[in-house]
Structures are given as structure tokens and as C-alpha cells.
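**Q** One structure, pasted below without further comment.
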Amino acid sequence: MNAWDPNSYKRNASFVAELGAPVVDLLAPKKGERILDLGCGDGTLTRKLIDCGCTVVGVDSSQEMVSAARQLGIDAHVLDGHELSFNGEFDAVFSNAALHWMTQPARVVAGVWRSLKPVGRFAGEMGGAGNVRRLHTALRQAVVSRGGRAEDSDPWYFPNPGQYRRVLESAGFAVKVIELIDRPTPLPTGISGWIESFAQAFLGGVREQEREEFTREIETAVRPYLCDKQGVWHADYVRLRFLAIKSEV
Ligand code: BEZ
């Protein structure tokens, strides 16, 4: 489980919303549309959709993030993406950097389908196959070297385009765009900040006093690949970006 703290997220991860412009462009929100933001987080990107003249409902599984989104004036609700309960009421469903936390994609996509009006759009971006490969490998190894089972800690789902296309098409969507994009991403607070905001699940079995050492171990493992000569850390992000349409039945 990841605990979401809006303050540390702002410090460690403001790039998530800042780099979200391409998926907003792919959605192409139109004034007057009703849009569901699935995994709205602190609402930074949700506001951009509202600024386009859309009516937006945000949902997120984190109470803390929903409270932060509400402070931005967003109609946000605590809801697990596996449990979407809307019925034919949205012109589009939008999701940025959230779907890789939802490990039962067929349930999520079925809920998105039900939420949409006929010919509604589903535009999203998530971690794709190979996402944060160096970090992911180092985290799993650090768990195993402490006697844990990597699969018990691993919270992420990073599909390749073929796998996610099948999930979308099985639910009835027509896939218009689906692509993997390499996007090395500078980390404003380095590896320790990234672990603090995103990789707590791997720390579950690590005692409080050993967490610092755990983080140093990850830094040492990935430094040759993810730290440049100026000492700037980058994460090896790979995005899966897609646009799918709820086809007529
Ligand atoms: C992502 O946005 O791709 C991501 C974020 C945190 C952990 C893993 C992946």
C-alpha cells in the first residue's frame, strides 16, 4: 500500500501533473463536456480540464489526495478505480499516472465502459512495459535480499501495448491510439524523494531504522544508470498512452 501525502507529493512529484499535457491533448476536452478524472490525485491536472470549460468529477482511492483536490474546488470523491459505479453519464474518462496502481485492469476498464455515454472517449497515460525498470529491479532485489518475496511487495501493473489493447477491446472499446513512450524524468528530490512518494510498498517489511540503508542501497544500484555527471537523478519512465472509444453496440 502507498500512503499519499499531498505535501511530500508536491515536493517530490510535481512533474506528474506538469508532464501530463500530451494526454490532455489526446483527450481534446471540449467546453461543456462532462469528464471523469480517474485517479485525480491532488487535482492539479483536473483543474486544467475544468479550465477548458468541462464539468469534471474526480475520483481517487486516497482520502488525503481527495481532500487536497477539494481544496482546489474540485468535485472529488474517494473511490477505488476497481469499483466505479457510474452509469452512462460521462463524455470522456481521463486518467494520468494512476492506472498502473490498479492491478485488476479488466475490472477497471469495465467500470470505465459503464461510466461512458455511447461513443465516449477513454484517454489515459500510465506506466508501460519497462517503466522504471532500473528502480523496479533494484527495489525487488532489495526485498529479496532481506528474505522477502518481491511479488508480495510489488504494487504496479505495467502492460505493453498489446496487453492493454486486449483489455480495452475485450471490454468493447475501439482503440484509436496506443503507444509506448520513453520519458526519462528528472527527479527534483532524487531517489529518496521518489521512494518516499511512490515506492513505500517495498518498505513494508523493512524496519524503521533500516529504511535509510534500504534507500542508500537502491541509490547505489541505480546510480550508474540514473545519475548524470552533474549529480541530477532521472527516473527511467516509460509511458503507455492510449485513446479508446466506446463503440456503438
Ligand atoms: C509512473 O507514473 O509511471 C509511476 C509512478 C510511481 C511508481 C511507478 C510508476
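The values are calculated or read from the model by the stated rules, or taken from the named source; none is laboratory data. Worth saying up front: this structure is predicted, and the values here are computed from it rather than measured. Every residue, glycine as well, gets a Cβ built from its backbone with ideal geometry; the counts of neighbours run over all protein chains shown. Note: accessible area is taken over every heavy atom of the protein model, side chains too, but ligands, DNA and RNA are not part of it. Shrake-Rupley method; radii C 1.70, N 1.55, O 1.52, S 1.80 Å.
**Q** Could you pull the Cα extents of the range 6-246 along its three principal axes, largest to smallest, in whole Å?
**A** Principal extents (Cα only, largest first): 51, 37, 33 Å.
**Q** Where the accessible area of the chain is counted over protein heavy atoms with a 1.4 Å probe, how much of it, in %, is carbon and sulfur? Mind showing how you got there, number by number?
**A** Values: 5790 of 11560 Å².
Using a 1.4 Å probe with all protein chains present, the chain comes out at 50 percent carbon and sulfur.
**Q** Another question, then. In whole Å, what is the distance between the alpha-carbon centres of the range 214-249 and the range 121-157?
**A** Measuring centre to centre over Cα atoms gives 11 Å.
**Q** Kindly provide the helix-only [θ] at 222 nm of the chain, computed as the sum of -39,500 (n - 2.57) over DSSP H runs of four or more divided by all residues, to the nearest 500 deg cm²/dmol? Provide the component values of the computation, followed by the final result.
**A** Details: 11 runs with 100 residues, N = 249.
Rounded to the nearest 500, it is -11500 deg cm²/dmol.
**Q** Can you bin every Cα-Cα distance in the range 121-249 into 5 Å intervals starting at zero and give me the percent of pairs per bin, rounded to whole numbers?
**A** Here the calculated profile for the range 121-249 is 2, 10, 18, 18, 15, 13, 10, 7, 4, 2, 1, 0.
**Q** If you look for lysine pairs in the chain that are eight or more places apart or on different chains, how many of them have Cα atoms under 13 Å apart?
**A** Values: Lys30/Lys48; Lys31/Lys48; Lys117/Lys246; Lys176/Lys246.
Going through the chain pair by pair, I get 4.
**Q** Sticking with this structure for a sec: Give me the dipole magnitude in Debye, nearest 20, for the range 93-249 about the Cα centre, with unit charges on the beta carbon: positive for Lys and Arg, negative for Asp and Glu.
**A** Values: 21 positive and 17 negative charges, 129 e Å.
Dipole of the range 93-249, to the nearest 20 debye: 620 debye.
**Q** Where the Cα atoms of the range 84-159 are projected onto their three principal axes, how long is each span, largest first, in whole Å?
**A** 50, 20, 13
**Q** From largest accessible area down, sort Cys52, Cys227, Cys40; use a 1.4 Å probe on the protein chains. Before the final figure, lay out the partial values.
**A** Values: Cys52 55, Cys227 35, Cys40 10 Å².
From most exposed to least exposed: Cys52, Cys227, Cys40.
**Q** Next question. What translational diffusion coefficient, in µm²/s and rounded to a whole number, does the Stokes-Einstein relation yield for the range 1-107 at 25 °C and a viscosity of 0.890 mPa s, taking the hydrodynamic radius as the Kirkwood radius over Cα pairs? Kindly include the intermediate steps, with their values, before the conclusion.
**A** Details: Rh = 13.9 Å.
Estimated diffusion coefficient is 177 µm²/s.
**Q** Can you check what the Kirkwood hydrodynamic radius comes to for the range 45-116, Cα pairs only, in Å to one decimal?
**A** On the way: mean 1/r = 0.0787 Å⁻¹.
Evaluated on the range 45-116, it is 12.7 Å.
**Q** For the chain, with every protein chain kept in place, what is the accessible area per residue (1.4 Å probe, Å²)? It would help to have the intermediate numbers written out before the result.
**A** Values: 11560 Å² over 249 residues.
Here the per-residue accessible area is 46 Å².
**Q** Taking every DSSP beta bridge that has both residues in the range 6-246, what percent is antiparallel when rounded to the nearest 5? Provide the component values of the computation, followed by the final result.
**A** Numbers: 21 of 39 bridges.
Of those bridges, close to 55 percent are antiparallel.
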